[in-house]
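Okay, so here's the structure we're looking at.
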Amino acid sequence: MQIVASLDSNYHAHLLGLINCSQFNRAKSIHLIIDTGCSNTTLLSDDVTRLAINCSGLKFAPIPCLTANGTITPYILPQVDLSLPRRYRWFNRKTSLVTLQMTNVHCMPPTHPQFLTQQQMLQSCSLLGMDVLRLFRKWRFTKRELILQT
Amino acid sequence: MSADTMSTDAVHVEIKKQTNSPFDKELLKSYRRLREDYLWIFSNAGKLRTTYPDNYIAVENKSVKFSSESMELMLTKIKESGEQVEDFIIEYMSTRRVNFLF
């Protein structure tokens, strides 16, 4: 399986995927940054708001997370399907989707206008963490892409 | 359908490749449409940052349909117009060059 992420000017690797869970009636888009410093795939505050995830009924993660803003205990969104673009055949030019059925992903608290921080204002993406990235054994950088292969 | 599994202490991940089912075909069709808009934003980021500085934009069919200073306001605008949030790619057009520390 090969997944290709686009690199920005800072060489961060970006990926567009689709996310689905029991709270949604259809899959929704998600902009992910590949983050090897992130243990669990995490939906950041703006995305939790955009995706209209109701956190009130969600459990908290058993272990707190260390972030740049301090320690936080994220919510756990259970049974998530994360669909990512997979390249195949014809010199890897064709694209289909591969769906990762995950027992859970982490959710930061949804954005609240009164508690907006500068950092939150700059985020409209989420983080693809090591729970997924560990599936990929070969990593290769080109000028514009990060190619991940199982 | 081929499936592989991988689990950590807390998260179990099962990989399922796409099939020819109507659900999977619709998913791919939806993805391709959204990806067109996503790539359009990336290739026009400079211009969009100038036009919509430090604002969120909602893009559909390679055109900006809504812009707003906050995500909440953006969602309200989309819902009030009768459109569905899921049909848009929403991105924040930051005018400041930032380095990430998550």
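Within the range B:62-76, is there a residue that is surrounded by fewer than 18 Cβ atoms within 10 Å (Cβ to Cβ), under 27 Å from residue A:87 (Cα atoms), more than 7 Å from every other protein chain (Cβ to nearest Cβ) and under 13 Å from the mean Cα position of the chain (by Cα)? Checking the range B:62-76: at least one residue is surrounded by fewer than 18 Cβ atoms within 10 Å (Cβ to Cβ), under 27 Å from residue A:87 (Cα atoms), more than 7 Å from every other protein chain (Cβ to nearest Cβ) and under 13 Å from the mean Cα position of the chain (by Cα). If you go through the range A:13-51 and pick out every residue that is within 15 Å of residue A:129 (Cβ to Cβ) and either in a loop (DSSP other than H, G, I, E, B) or touching a Phe, Trp or Tyr at 6+ places or on another chain (Cβ under 6 Å) (or both), you end up with 8. The number of residues in the range B:58-73 that are at pLDDT 95 or above and touching a Ser or Thr at 6+ places or on another chain (Cβ under 6 Å) comes to 0. Inside the range B:11-43, can you point out the residues that are in a loop (DSSP other than H, G, I, E, B) and facing another protein chain (nearest Cβ under 7 Å)? Hits for the range B:11-43 are B:11, B:18.
Go through the residues of the range B:74-88 one by one and say whether even a single one is in a strand (DSSP E or B) and either modelled with pLDDT of 90 or more or on the phi < 0 side of the Ramachandran plot (or both). Can you show your working first?
Pass one, the range B:74-88, residues in a strand (DSSP E or B): none.
There is no residue in the range B:74-88 that is in a strand (DSSP E or B) and either modelled with pLDDT of 90 or more or on the phi < 0 side of the Ramachandran plot (or both).
Looking across the range A:7-30, the residues that are facing another protein chain (nearest Cβ under 7 Å) and under 24 Å from residue B:27 (Cβ atoms) come down to A:16, A:18, A:26, A:27, A:28, A:29. Do the conditions hold for residue A:73, that is, is it on the phi < 0 side of the Ramachandran plot, free of Cβ contacts under 8 Å to residues at least 40 places away in the same chain and β-branched (Val, Ile, Thr)? Yes. Contact annotation: residue pairs with Cβ atoms under 8 Å, 6 or more positions apart or on different chains, pairing a residue in the range B:1-22 that is at pLDDT 80 or above with a partner that is surrounded by 15 or more Cβ atoms within 10 Å (Cβ to Cβ) and of a type in the set (Val, Ile, Thr), are B:12/A:103; B:13/A:103; B:13/A:132; B:15/A:98; B:15/A:99; B:16/A:98; B:16/A:99.
Taking the condition more than 12 Å from chain A (Cβ to nearest Cβ), surrounded by 14 or more Cβ atoms within 10 Å (Cβ to Cβ) and touching a strand residue (DSSP E or B) at 6+ places or on another chain (Cβ under 6 Å), does residue B:59 pass? Answer is no for this residue. Scanning the range A:37-88 for residues that are in contact with a Gly (Cβ under 9 Å, 6 or more places away or on another chain), over 17 Å from residue A:19 (Cα atoms) and at the interface with chain B (Cβ under 8 Å from one of its Cβ atoms) yields A:37, A:38. Figure legend. Inter-residue proximity from the range B:23-49: first residues free of Cβ contacts under 8 Å to residues at least 60 places away in the same chain, second residues exposed (fewer than 14 other Cβ atoms within 10 Å of the Cβ) and of a type in the set (Val, Ile, Thr), beta-carbon distance below 7 Å, spacing 6+ or different chains. Indicated pairs: B:49/B:95. Here residue B:31 meets the list (1) surrounded by 12 or more Cβ atoms within 10 Å (Cβ to Cβ); (2) out of contact with any Pro (no Cβ under 9 Å at 6 or more places or on another chain); (3) of a type in the set (Phe, Trp, Tyr) almost entirely, failing just condition (2).
The values are calculated or read from the model by the stated rules, or taken from the named source; none is laboratory data. None of the values given here were measured: they were computed from a predicted structure. Please note: Cβ atoms are built from the backbone with ideal geometry, for glycine as well, and neighbour counts cover all protein chains shown.
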